[in-house]
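Colleague: I'd like to ask some things about the structure below.
Only the coordinates and a few stated rules stand behind these numbers; no lab work does. This structure is a prediction, so every number in the text was calculated from the model and none was measured. Positions of Cβ are backbone-derived with ideal geometry, glycine not excepted, and every protein chain shown enters the neighbour counts.
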Amino acid sequence: MVKFNSNYKNLKPSYLFSDIARRVSEHVASTGAKVIRMDIGDVTQPLSAPIVDALIAASQEMGKVSTFRGYGPEQGYAFLREAVAGYYAKMGVELAADEIFISDGAKSDIANITDLFDNENIIALPDPVYPVYFDSNLMLGRKINLIQGNRENNFLPMPSSIAAADIIYLCSPNNPTGAVYTREQLKEWVDFALENNAIIMFDAAYEAFVRDNIYPRSIFEIEGARKCAIEFCSLSKTAGFTGLRCGYTVVPHDLASGSQSLNKMWLRRQTTKFNGVPYVVQRAAQAVFSQEGLRATEDTLNKYLKNAHLISASLDEVGAWNTGGKHSPYIWFACPKGMASWEFFELLLNSAGVVGTPGSGFGKCGEGYLRITAFNSYENTLAAMKKIKEIAANL
Ligand code: PLP
């Protein structure tokens, strides 16, 4: 008799975003008022011209016998892997092109990498957390230890707060909190992983927002990380690829146990279960790393960062404790007067027509916080912050 994976029974229904959507549409239906969505987790700026040009050129190649491409290499075309290696070289990180795996985005790789590890491993995850780390391990019935993020540690939990861990997930700049680890803090994590024969799954999906060299963009900027870390990165937020879909994962050759190499295992896994990213998308991704592509990308990221700076400066003005926003599109702040996340969400929606994301939706430690994002227009961000400041002043 067929047996289903009973671990799925342990997954909580993901109500967060549907709950927000329902409450917003009820509010709009009953008041007819306009709302400002400061909960947007998707990019809003279009693809830049160099990327669009590359998409068009590659599409035209696909329409000619002489340049048509069918199945591509599962690991990604060499032209893109080399472009990614060149991008890392600018950060002072030397990678071999065969340590880079092109994918359809970071989410799938983060979830699929679980294939390479035994179910006996103890998983350590920060709370609050990007839910994919949690759910993909829960689906396999793995034991998960939560590492508390809070105001005392600026939502940057450190190794001193965990007992045991074989696989540790870190995300910097962080979603949902926007907090960013410094070089010294990441070094502590790398040293911990090396001492404990653990692996760090480093999610660098927001690395392109980092504007200060005290914060590493890649874990491989830290000495020793090649022996204990896998890195996931994505062009989703960097270059507006949330719809186009492209990311990359770095699995160094140094990660080995006896005769087993994680790089070889991931290659085997991908060649068995994945058939690569479309040629046209890989050409578009290559264009992101060209000089013109990087310049255009920077312009777009600066637009989001301008919003982010406005948000954190406005919260500072009203004395609301907040983190993120300087090197990330996310700002995480303490709800005024000790309100619960959903309580403040409702107040903000009903009295100002502004929508945020309740922090409690990202884990127990998120209770009492709200996440707002920098993906709306500058005008809307300005209007939303004016309203939030008015509410805070009148509470
Ligand atoms: N990691 C984090 C922390 C994210 O916030 C996201 C997307 O929101 C992803 C990974 C997934 O990115 P992708 O669009 O490349 O799958």
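Colleague: If you take the square roots of the eigenvalues of the alpha-carbon gyration tensor of region 35-104 and sort them as a ≥ b ≥ c, do you get rounded (a/c under 1.5), prolate (a/b over b/c) or oblate?
Modeller: Oblate, since a/c reaches 1.5 and b/c is not below a/b.
Colleague: Report the full-extension gain for the segment residue 191 to residue 351: residue separation times 0.36 nm, less the Cα-Cα distance, to one decimal in nm.
Modeller: 52.7 nm
Colleague: Just to be sure I follow the definition: excluding the sites themselves, where is the longest run in the chain that has none of the trypsin sites (Lys or Arg not before Pro) in a DSSP loop with at most 10 other Cβ atoms within 10 Å?
Modeller: 65-395
Colleague: Something else now. So what does the Cα-only Debye profile of region 159-243 read at q = 0.14 Å⁻¹, as log10 I(q)/I(0), no solvent term?
Modeller: Scattering profile of region 159-243, log10 relative to I(0): -0.46.
Colleague: Let me ask something else about it. What's the longest uninterrupted piece of the chain once you rule out the chymotrypsin sites (Phe, Trp or Tyr not before Pro) that are loop residues per DSSP with at most 12 other Cβ within 10 Å?
Modeller: Result, exposed sites excluded: 72-395.
Colleague: Which net charge results for the neighbourhood of residue 5, defined as the other residues with beta-carbon distances under 13 angstrom from its beta-carbon, given Lys and Arg at +1 and Asp and Glu at -1?
Modeller: +2
Colleague: What full-extension length gain, to one decimal in nm, is calculated for residue 118 and residue 379 as 0.36 nm per residue of separation minus the Cα-Cα distance?
Modeller: 89.0 nm
Colleague: A follow-up question, please. Which FRET efficiency, nearest 0.05, do residue 291 and residue 393 yield, Cβ-Cβ r, R0 45 Å?
Modeller: With a Förster radius of 45 Å, E is 0.45.
Colleague: Further question on the same structure: On a 0 to 90° scale, report how tilted helix 262-273 is relative to the longest principal axis of the chain, with both axes built from alpha carbons and the result rounded to the nearest 10.
Modeller: 90
Colleague: Treat every Asp and Glu Cβ in the chain as -1 and every Lys and Arg Cβ as +1, leave all other atoms uncharged, and give the resulting dipole magnitude about the Cα centre to the nearest 20 debye.
Modeller: 840
Colleague: Using the Cβ atoms and a cut-off under 11 Å, what net charge is assigned to the surroundings of residue 95, where Lys and Arg are +1 and Asp and Glu are -1?
Modeller: -3
Colleague: On a full-extension model of 0.36 nm per residue, what is the gain between residue 298 and residue 150, subtracting their alpha-carbon distance, rounded to one decimal in nm?
Modeller: 50.2 nm
Colleague: Considering the chain, what Rg and Dmax in Å follow from its alpha-carbon atoms?
Modeller: Cα radius of gyration and Dmax of the chain are 21.4, 68 Å respectively.
Colleague: Which angle from 0 to 90°, rounded to the nearest 10, does the C-alpha axis of helix 291-317 make with the longest principal axis of the chain?
Modeller: The two axes meet at around 30 degrees.
Colleague: State, as an integer percentage, the relative contact order of region 49-290 based on alpha-carbon contacts under 8 Å between residues 6 or more apart.
Modeller: The normalised contact order for region 49-290 reaches 26 percent.
Colleague: Something else about it: In degrees from 0 to 90, rounded to the nearest 10, what is the angle of the helix 279-288 Cα long axis to the longest principal axis of the chain?
Modeller: Tilt relative to the chain: about 60 degrees.
Colleague: Size of the dipole of region 183-263 about the Cα centre, Lys and Arg at +1 and Asp and Glu at -1 on the beta carbon, nothing else charged, in debye to 20?
Modeller: 360
Colleague: With n ≥ 4 as the cut-off for DSSP H runs, can you work out [θ] at 222 nm for the chain, using -39500 (n - 2.57) per run divided by the number of residues, rounded to the nearest 500?
Modeller: -12000 deg cm²/dmol
Colleague: So what's the gap between the Cα centers of region 169-239 and region 1-48, to the nearest angstrom?
Modeller: Value for the Cα centre distance between the two parts: 28 Å.
Colleague: Still on this structure: Just report the Cα centroid separation between region 324-365 and region 96-125, whole Å.
Modeller: Between the Cα centres of region 324-365 and region 96-125 lies a distance of 31 Å.
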